[in-house]
Structures are given as structure tokens and as C-alpha cells.
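S.K.: Here it is, the structure in full.
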Amino acid sequence: MHIEHFFDEDTSTLTYVVHDGRTAVVIDPVRDYDPKSGHTSWASSEEVAAYLDRQRLALPYVIDTHAHADHLTALPFFKTRYGARTVTGARVGEVQRAFRDIYHLGPDFPVDGRQFDVLVDEGQRLGFGSLEVEALHTPGHTPAHMSWRIGDAVFVGDTLFMPDYGSARCDFPGGSAAILYDSIQRLYALPDDTRLFMCHDYQPGGRPLAFETTVREQKRGNVQISARTTKAEYVALREKRDAGLAAPTLILPSLQVNIRAGELPEPESNGVSYLKIPVDLLGRK
Ligand SMILES: [Fe+2]
């Protein structure tokens with residue numbers, strides 16, 4: 001099994017290609033978006049595509065761990081270019097329902113996940129080449145969030161970050177620090193040598209990029225949640241941290257695209273797609 005990483009500096013996101021030399025999956029690809037001009041591009045995904053092409057890899061699946069709030073997903077790029085089927089967690093409808101209301105998309109907006117080709121539930125597996133990806137439902141950051149296990153590696157999305165940074169925020173619709181604690185305990189119950197691959201690295205203190213660790217290292221030294229951290233301690237810390245966090249820069253552009261499996265809203269009669277910004281709504285209880 002080969003794992004290749006790609007780092008998007010604008011959003012500190014890691015995209016992975018996992019393959020057996022012939023057949024691959026792509027996990028958490030990024031579509032570039034400039035909030036100042038409203039321009040999108042596939043530049044980040046073209047780098048991933050160049051690798052797939054160099055290695056002559058087939059791509060049956062392109063996978064999101066969850067509906068990202070900090071970048072637009074590039075699922076459609078890989079669907080169009082490689083015929084990959086788009087995959088996410090089976091409970092994505094809960095996220096779609098919450099954001100349908102926030103964006104006032106109306107009753108016709110589907111909230112059953114049909115925008116994705118494959119919805120995967122806890123324990124389900126997808127084969128690709130000689131490898132297999134297994135879905136681990138790890139909610140907390142979002143209710144539908146999945147971690148994806150391939151061999152001895154788990155792509156943990158926004159559950160854990162590197163041990164020196166901590167864990168994902170839990171203050172988005174459907175998020176819960178108590179539930180994320182339980183999900184992280186699930187990851188910590190995996191064998192100590194299990195390799196964990198992060199979806200983000202914010203390079204605290206300006207340290208070099210790091211994105212791979214192990215269950216053992218996380219349990220030993222994660223600054224927010226080690227093996228010794230109780231649920232009460234974690235929930236108190238997480239909720240206090242989250243109360244002071246600003247919204248991610250791209251949350252409003254991202255979610256309305258990501259709940260459409262990465263498609264932009266239908267173009268209007270002039271052929272232009274428009275994104276919607278709710279005013280004075282987000283975060284209102
Ligand atoms: Fe996220």
C-alpha cells in the first residue's frame with residue numbers, strides 16, 4: 001500500500017492518494033476558492049491528477065471524510081475526469097438538513113444524500129484493487145463524519161490533529177464535544193501501532209508540516225485528549241475553546257457547495273452560479 005499526501009497551504013488541508021500500484025482512492029480533495037474574487041480553480045486537484053496519471057492509477061472512488069467547513073471539496077473533478085464515484089458518510093443528510101435551513105434552500109433541496117454516488121455507513125467496506133477501505137463512524141465534529149481505515153492506516157478527517165495541536169472543533173450544527181470524545185476513544189482502542197493520517201495540519205509555532213502519527217503517540221501526548229483525559233475534562237476544554245473561535249473563513253462558501261457533493265448552485269439565466277451569504281444568522285441559537 002502506498003500513501004501519497006498533498007498539502008493545500010491556503011486551507012492547511014491534506015489530501016491523500018492511497019493505492020496498490022494500479023488502483024487508488026483519493027481522500028478529501030480541495031477545490032481552490034478565492035473569497036475576494038469569487039474565483040474557483042482546480043489547481044490543487046490538478047497536482048493530485050498529475051500524480052494519478054504519472055502512476056497510471058485507476059480511480060474508482062473519491063471520498064470525503066465529512067462536509068468540510070474550511071474548503072470546497074473537489075469531488076466533481078475526480079468524478080468527471082476519472083469516472084470516480086463520490087463517497088461520503090451515510091448520515092450526511094443531517095448536515096444537509098441543517099444547512100438547507102441556514103441557506104434557505106427550500107423544501108426541494110434533497111437532504112437524503114442523493115447528491116453523492118455512494119453513502120457508506122459504519123462498518124461498510126469498499127474494495128479498490130487489492131485494497132479495501134472500511135468506514136468508521138466518528139461523529140462529533142459533524143454528525144456524519146467518517147474515518148476511513150485502509151490496512152494499518154486510518155484517515156481520521158477532523159477528529160484528531162497532530163498531538164501538539166489537539167482535536168477538531170465541535171461547535172458546528174450537529175457537533176458535540178461529548179460525542180467527539182467517544183469517537184476518539186474508538187480510535188484510541190485501535191492497535192497502538194495504527195498509523196493515523198490527519199486532514200489538517202496548522203503547523204503550530206511554525207514547525208514543519210506533519211500529518212502522520214500513531215494511536216500510541218496520540219494517547220501518550222495529545223495536548224487536548226490523551227489516554228488520561230476524562231470525558232468531563234475534554235468536554236469542558238473543548239467547549240471553552242470553541243466559544244472563543246471565529247468562524248472559518250470559507251464556512252459560508254464551502255457548506256453550500258459541499259452539501260451538493262461539490263457542485264456549484266444551478267447557474268442563473270445569465271449562466272453564472274451564485275453563492276448565498278446569510279446575514280446575521282450563523283451561530284444564532
Ligand atoms: Fe472539518
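The values are calculated or read from the model by the stated rules, or taken from the named source; none is laboratory data. Model, not experiment: these values are computed from the prediction. All Cβ positions, glycine included, derive from the backbone under ideal geometry; neighbour counts span all protein chains shown. To get the accessible areas, we keep the full protein, side chains included, count just its heavy atoms, and leave off ligands, DNA and RNA. Shrake-Rupley method; radii C 1.70, N 1.55, O 1.52, S 1.80 Å.
S.K.: Leaving ligands, DNA and RNA out of it, rank Tyr274, Tyr61, Tyr103 by accessible area with a 1.4 Å probe, largest first. The partial results should precede the final answer.
M.R.: On the way: Tyr274 110, Tyr61 30, Tyr103 5 Å².
Ranked list, largest accessible area first: Tyr274, Tyr61, Tyr103.
S.K.: I'd like to check one number: the per residue accessible area of the chain, probe 1.4 Å, reported in Å² as a whole number. Walk me through the numbers before you get to the answer.
M.R.: Values: 12750 Å² over 285 residues.
Accessible area per residue, the chain: 45 Å².
S.K.: Select from segment 2-60 those trypsin sites (Lys or Arg not before Pro) which occupy a DSSP coil region and have at most 16 other Cβ atoms within 10 Å, ordered by residue number.
M.R.: On the way: sites: Arg22, Arg31, Lys36, Arg54, Arg56; in loops: Arg22, Lys36, Arg56.
Passing sites in segment 2-60 are Arg22, Lys36, Arg56.
S.K.: While we're looking at this one, here's another question. How would His2, His71, His137, His39 line up by accessible area, probe 1.4 Å, largest first?
M.R.: His39, His2, His137, His71
S.K.: Please list, by residue number, every one of the trypsin sites (Lys or Arg not before Pro) in segment 193-258 that is coil in DSSP and has at most 12 other beta-carbon atoms within 10 Å. Let's see the in-between values first.
M.R.: On the way: sites: Arg195, Arg216, Lys219, Arg220, Arg228, Lys231, Arg238, Lys240, Arg241; in loops: Arg228.
Filter output for segment 193-258: Arg228.
S.K.: What 222 nm value per residue comes from the helices of the chain, counting each DSSP H run with n ≥ 4 as -39,500 (n - 2.57) and dividing by all residues, nearest 500 deg cm²/dmol?
M.R.: Working: 7 runs with 72 residues, N = 285.
Theoretical 222 nm ellipticity from helices: -7500 deg cm²/dmol.
S.K.: Same structure, new question: Just the number, please: carbon plus sulfur as a percent of the accessible area of the chain, 1.4 Å probe, no ligands or DNA/RNA counted. Walk me through the intermediate numbers first.
M.R.: Working: 6270 of 12750 Å².
Ligands and nucleic acids excluded, carbon and sulfur give 49 percent.
S.K.: So which aspartates and glutamates can Lys36 reach, going by Cα to Cα under 19 Å and dropping same-chain residues fewer than 8 places off?
M.R.: Partners within reach: Asp8, Glu9, Asp10, Asp70.
S.K.: Provide the per-residue ³J(HN,Hα) series for segment 273-281, in order, calculated from phi with Karplus coefficients 6.51, -1.76, 1.60 and θ = phi - 60°, each as a whole number of Hz, with x at glycine and proline positions.
M.R.: Running phi through 6.51 cos²θ - 1.76 cosθ + 1.60 with θ = phi - 60° gives 7, 10, 9, 9, 10, x, 9, 6, 10 Hz.
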